[in-house]
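Each reported figure results from applying straightforward, stated rules to the coordinates on display, with no laboratory input. Just so it is clear, the model here is predicted, and its values are computed rather than measured. Counting neighbours? That spans all protein chains shown, and the Cβs are built from the backbone with ideal geometry, glycine included.
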Amino acid sequence: MPENAIDAVASRLAFVVGRLNRRLVGASGGLSHALLSALATVAKKGPIRLADLAQVEMVSAPSITRVVAELETRGLVARSADPDDGRAFLMQVTEAGMAAVLRARAARAEVMAELLAELAPADVAAIAEALPALEGIVGHM
């Protein structure tokens, strides 16, 4: 594909993803984007060190410290000692945290289902066909 064609696809995709993200933000179960993202990462990759969580979330150590403190206050994550390093700790999702992640995923899926229901079946099929490529992009982040 010529570079200018890739640029055009990239621009359109960025626009669409941005718009979709704004629609989905409201379906987060009362959690901010930062809180929900970090919580989902802990649920998927935990137990996880704070530094590793900051790296995955692509935020600074002070930022992730504030996010984790809020998640702890809400009872969505819990700390435990790192068996490999007595100075560090591991974050893991609590039962309430997993329930919050599942509720947010269900709410977001409901929003997407409503949007997809407005499309022609061929358009839904085209989106479904593109999903593996899009999941590959996200998997490399």
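So what is the calculated 222 nm ellipticity per residue for the chain, using -39500 (n - 2.57) for each DSSP H run with n of 4 or more, over all residues, to the nearest 500 deg cm²/dmol?
Values: 6 runs with 99 residues, N = 141.
That calculation yields -23500 deg cm²/dmol at 222 nm.
Across the chain, C-alpha contacts under 8 Å between residues 6 or more apart give a mean separation that, scaled by the residue count, equals a relative contact order of 24 percent. Net charge in the neighbourhood of LEU116 (other residues with Cβ under 13 Å of its Cβ; Lys, Arg +1, Asp, Glu -1) is -2. Take every Cα pair under 8 Å whose residues are at least 6 apart in sequence, average their separation, divide by the length of the stretch 71-126, and the relative contact order is 25 percent.
Span-like helices, the chain: DSSP H, alpha-carbon axial extent 30 Å or more, mean Kyte-Doolittle -0.5 or greater, which ones?
3-25, 95-117
Taking ALA69, ALA128, ALA104 in turn, the Gaussian network model of the chain (Cα-Cα springs below 10 Å) assigns the largest fluctuation to ALA128.
Note the full-extension length gain between ALA88 and LYS44 as 0.36 nm times their separation in residues minus their Cα-Cα distance, in nm to one decimal.
Extending this stretch completely gives an extra 13.9 nm.
Listed options for Cα Rg over 2.2 N^0.38 Å are (i) 1.24; (ii) 1.06; (iii) 1.98. The value calculated from this structure is the one marked (i).
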